[in-house]
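The values are calculated or read from the model by the stated rules, or taken from the named source; none is laboratory data. Here the structure is a predicted model, which is why all the values come from computation and not from measurement. Every residue, glycine among them, receives a Cβ derived from its backbone with ideal geometry; neighbour counts consider all protein chains shown. For accessibility, only protein heavy atoms count, side chains too; no ligands or nucleic acids. Shrake-Rupley method; radii C 1.70, N 1.55, O 1.52, S 1.80 Å.
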Amino acid sequence: MEKLSLKDILPLTEYERIREDFRKKVIEIKRRRRVVIGDLISLTFENRQTVKFQIQEMMHAEQMREEEKIEEEVETFNDLIPGKRELSATLFIEVEEQQKIREVLDSFKGIDDGRSLYLQIGDEKIFGIFEAGRSTEEKISSVHYVKFPLTDRQAEDFIRGSRPAALIVDHRNYKMATAITPETREELAKDLV
């Protein structure tokens with residue numbers, strides 16, 4: 001999938017004119033690209049539109065107009081755009097009770113070990129590759145960025161829907177699986193062509 005460049009980003013005043021409509025469209029796209037695994041984890045799969053939305057919203061929130069700062073944001077967020085034969089997601093550990101945040105987050109230490117989260121297509125496991133620096137032995141973030149690199153055959157199987165697909169967390173403190181719905185699978189298949 002093609003990365004974003006500065007020319008793809010609307011100037012702040014132009015974005016603010018179309019913001020409401022753009023937000024509605026991207027929220028609907030994100031709904032189709034979201035997979036909930038149990039009651040504590042969700043993944044939202046990213047693409048050019050979702051990443052562009054994040055950049056535009058960052059510019060809006062910070063009233064960012066300086067081209068150098070915007071370019072920096074584009075470079076940073078471009079890492080979320082999936083590469084060839086790859087799915088890319090933002091993983092959220094969702095804790096609603098304020099007083100339990102640290103306890104719940106601590107229970108997820110090690111989720112980024114390269115074995116605890118995977119996409120399963122048929123009987124094949126594609127282990128998630130986490131962005132480094134989001135957890136240490138002392139603490140863990142509630143937001144992680146993860147990629148699933150597929151072989152050509154796995155990507156074709158996913159696109160065709162010839163074998164079932166699911167996202168699975170197999171962590172010592174959390175074992176959950178969710179089948180990927182046909183609607184989500186159709187949406188994500190666009191990332192693999």
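Quick notes
- Angle between the chain longest axis and helix 182-192 axis [Cα atoms, degrees, rounded to 10]: 70 degrees
- Test item: Cα-centred dipole of region 137-193, Lys/Arg +1 and Asp/Glu -1 on Cβ, debye: 140 debye
- Sequence-ordered 3J(HN,Hα) estimates for region 110-123 from the Karplus curve with 6.51, -1.76 and 1.60 and θ = phi - 60° stand at x, 4, 8, 6, x, 10, 8, 10, 8, 9, 10, 10, x, 9 Hz, glycine and proline given as x.
- Measuring nothing but protein heavy atoms, the accessible surface of region 1-100 at 1.4 Å probe radius is 47 percent carbon and sulfur.
- Whether the chain is rounded, prolate or oblate, judged on the alpha carbon gyration tensor where a/c under 1.5 counts as rounded: oblate
- Amide H contacts under 5 Å for Tyr145: Leu91, Glu131, restricted to partners 5 or more places along the chain or on a different chain, H placed in the peptide plane at 1.01 Å from N.
- Karplus-derived HN-Hα couplings along region 164-175 (A = 6.51, B = -1.76, C = 1.60, θ = phi - 60°), whole Hz, x at Gly and Pro: x, 10, 8, 9, 10, 10, 10, 9, 4, 10, 7, 10
- Looking at region 107-187, the accessible area is 52 square angstrom per residue; that uses a 1.4 Å probe and ignores ligands, DNA and RNA.
- Three-way shape label, region 53-127, alpha-carbon gyration tensor, a/c 1.5: oblate
- Accessible area of region 133-193 belonging to carbon and sulfur atoms, whole % at 1.4 Å probe: 53 percent
- Dipole moment magnitude, nearest 20 debye, region 1-67 about Cα centre, only Lys, Arg, Asp, Glu C-beta charged: 360 debye
- Reach of Lys3 by Cα under 28 Å, taken over lysines that are not fewer than 8 positions away in the same chain: Lys24, Lys25, Lys30, Lys52, Lys69, Lys84, Lys125, Lys147, Lys190
- Put simply, the amide H of His171, placed in the peptide plane, has neighbours under 5 Å in Met176, leaving out anything fewer than 5 places away on its chain.
- Taking the chain and dividing mean pair separation by its residue count, relative contact order in percent (alpha carbons under 8 Å, at least six apart): 24 percent
- Of the trypsin sites (Lys or Arg not before Pro) in region 47-109, those whose Cβ has at most 12 other Cβ within 10 Å and which sit in DSSP loop: Arg65, Lys84
- Among Thr151, Phe92, Leu192 the positive-end extreme of the charge dipole of region 70-193 (Cβ point charges): Thr151
- Per-residue ellipticity at 222 nm, computed for the chain from helices alone with -39500 (n - 2.57) per DSSP H run of at least four residues, works out to -12000 deg cm²/dmol.
- Rounded to the nearest whole Hz, the Karplus-based 3J(HN,Hα) values (6.51 cos²θ - 1.76 cosθ + 1.60, θ = phi - 60°) of region 126-137 follow the sequence 10, 6, x, 9, 8, 5, 5, x, 9, 8, 9, 5, with x at glycine and proline.
- Filtered trypsin sites (Lys or Arg not before Pro), region 135-189: DSSP coil and at most 16 other beta carbons within 10 Å: Lys139, Arg172
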